[in-house]
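Comments concern the structure below.
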Protein chains: 2
Amino acid sequence: MGRYQESIAVYGVKDTENALLCIGPLGPTILITMSDRRTQILDAAATLISERGFTSTSVDDVIKGAKLSGKSHFYHYFKSKEELGYEVLNRQFERFAERGLAILREPMIDPLERLNLFIDAVVALQSESGGRRGSPFGNLAAELADAHEGFRVRIEAVFERWASQIRSLLWEARPQLHDDVDAVRLSRFIIAALEGAVLMTRVKRDLSVLEGIAADLKRFIAMHLRDGAAMQHHRAVD
Amino acid sequence: MGRYQESIAVYGVKDTENALLCIGPLGPTILITMSDRRTQILDAAATLISERGFTSTSVDDVIKGAKLSGKSHFYHYFKSKEELGYEVLNRQFERFAERGLAILREPMIDPLERLNLFIDAVVALQSESGGRRGSPFGNLAAELADAHEGFRVRIEAVFERWASQIRSLLWEARPQLHDDVDAVRLSRFIIAALEGAVLMTRVKRDLSVLEGIAADLKRFIAMHLRDGAAMQHHRAVD
DNA sequence: ACAAAACAGGACCGAACGGTCCAAGTCACC
DNA sequence: GGTGACTTGGACCGTTCGGTCCTGTTTTGT
């Protein structure tokens, strides 16, 4: 069980079960295998960071959370806390975000219905933590966007993936939509409203805030329907 | 020039020019006078905290920012970093937030027009920093809502003040609005959308994100107009 | 069997943190 | 002229931080 293996010919049973298919922005497809310990650390760190933020999560906290023996054990897997943060963002959080992306891509469902399901999924995900945890991306964005360019860029990329997925969904739905719908703006609006709603929910410690905003957001989206299509959709939303 | 003076009979010229009229939640009206130095520290801290967050702003940073001679000088005015944080939130930031509240209250302007002006003011305020600084409340909320209950409560109070001001504005505008408009939900939606928009703008380093969302938000509000009133307003928005 | 990896545990480092304490000087006001 | 608030400057404290180094033992793939 190696750590990084840049070969394609890695077919061991244990190796592939933790494999992560990684399409680099420029390079070819790379198959990265991760040890169980590594994912264990990543999981523990993801939990702690989403609870207390990146700055307030110490390496020692992560070590305790992942039940490692000491610092040397941790630094055997990650060369710095920063690298840990990046990988948490890349692996754990993106995997979590892809649940939402998968819903947006679902080919058998009407696109605008998928958008509603996506919003429902955000609400459902927040419900799991009682609305206390908030969006991992939004939290890190607020904490580090000014201070740490590396994180800012990576978080921007996550939002951009959501936005582009919503844009292509809106493009798919264009027969049902008004001609003057601006997909770029609408996709940004949806993400901003959800991120803001999650933040407000966290501050108020009240899930109904998110639920109300989610419902309003669906109505806002329905506002962009062609007059003919508006009727049947307005029913479905209320 | 005392620090805290709980008497009413403080009429010295120097004393009143920095006085802050404070209506406590339960107690009577208290006249607190603040020395120049104190406000100087508060200003420096407010700047630093909005730039780097509360946790990442050290007391030494504030001392440098306010050009104090040393720690003893700082601790002559504030008994802890936490107290400093609370007072920054209470004094500097609330004063800043009240610019927005004043617009919402403006009695001579049509209520819904005021709402548009309020949104414009948020955009204008972000423009001053090129959209890099974000909302001081939103930033602190994301940073400390889980970790620090004292901050969470205070930030919640700020949002609640905004929301209640918008609610009463919507109540004032009810002749122009649909009967089924839910003022509680709509006010929350407006705040969440703006906070989310500011966050996204900060991440993308692109003010046009905020501008687009602000425009969409105005359209969303206009959606709640009575059919008769909708026409003339739709013009004004586009 | 052998090498490399993973695991364990602890000592240690320099820096930064929030905060205290002290000593001495300045200044305004009763 | 004294009292108390303000200013200056620095030493100091205990703790935590990210990170290094070192000495071993156990596991794993070949």
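The values are calculated or read from the model by the stated rules, or taken from the named source; none is laboratory data. Predicted model only: the values in this text are computed from it and were never measured. Note: ideal-geometry Cβ built from the backbone for every residue, glycine included; neighbour counts use all protein chains shown. Each accessible area value is taken on the protein alone, full model and side chains, heavy atoms only, with ligands, DNA and RNA left out. Shrake-Rupley method; radii C 1.70, N 1.55, O 1.52, S 1.80 Å.
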- Task: Spot the failing condition for B:Ser127; the list is (1) open to solvent by 30 Å² or more (accessible area, probe 1.4 Å); (2) more than 8 Å from chain A (Cβ to nearest Cβ); (3) within 16 Å of A:Ala193 (Cβ to Cβ), and only one is missed.
- Result: (3)
- Message: When you check A:Gly85 against the structure, is it more than 12 Å from the chain's Cα centre (by Cα), part of a loop (DSSP other than H, G, I, E, B) and crowded, with 21+ Cβ neighbours inside 10 Å, yes or no?
- Response: no
- Query: A:Arg185 versus (1) of a type in the set (D, E, K, R); (2) more than 10 Å from every other protein chain (Cβ to nearest Cβ); (3) surrounded by 15 or more Cβ atoms within 10 Å (Cβ to Cβ): which is the lone unmet condition?
  - Reply: (2)
- Query: Where residues in segment B:63-82 are assigned to a helix (DSSP H, G or I) and either under 21 Å from B:Ala163 (Cβ atoms) or within 8 Å of DNA strand C (Cβ to nearest atom) (or both), which of them is least open to solvent (accessible area, probe 1.4 Å)?
  - Reply: B:Phe74
- Item | Matching entry among A:Phe118, A:Phe93 (being surrounded by 14 or more Cβ atoms within 10 Å (Cβ to Cβ), in contact with a Gly (Cβ under 6 Å, 6 or more places away or on another chain), away from chain B (no Cβ under 14 Å) and not hydroxyl-bearing (Ser, Thr, Tyr)) | A:Phe118
- Hey, does segment A:143-150 have a residue that's open to solvent by 30 Å² or more (accessible area, probe 1.4 Å) and either within 15 Å of the chain's Cα centre (by Cα) or in contact (Cβ under 8 Å) with a residue 12 or more places away in the chain (or both)? yes
- Item | Flag if B:Leu20 is out of contact with any helix residue (DSSP H, G or I) (no Cβ under 8 Å at 6 or more places or on another chain) and at pLDDT below 55 | no
- Query: Mind checking which residues of segment B:153-177 are at the interface with chain A (Cβ under 9 Å from one of its Cβ atoms) and open to solvent by 30 Å² or more (accessible area, probe 1.4 Å)?
  - Reply: B:Glu156, B:Glu160
- Condition check for A:Val209: within 22 Å of B:Met223 (Cα to Cα) and of a type in the set (Val, Ile, Thr): yes
- Is one or more of the residues making up segment A:196-205 β-branched (Val, Ile, Thr), open to solvent by 30 Å² or more (accessible area, probe 1.4 Å) and within 12 Å of chain B (Cβ to nearest Cβ)? no
- Number of the condition not met by B:Asp180 [criteria: (1) farther than 23 Å from B:Met108 by Cβ; (2) open to solvent by less than 70 Å² (accessible area, probe 1.4 Å); (3) more than 17 Å from the chain's Cα centre (by Cα)]: (2)
- Considering every residue within segment A:70-77, establish whether at least one is modelled with pLDDT under 95 and touching a strand residue (DSSP E or B) at 6+ places or on another chain (Cβ under 9 Å). no
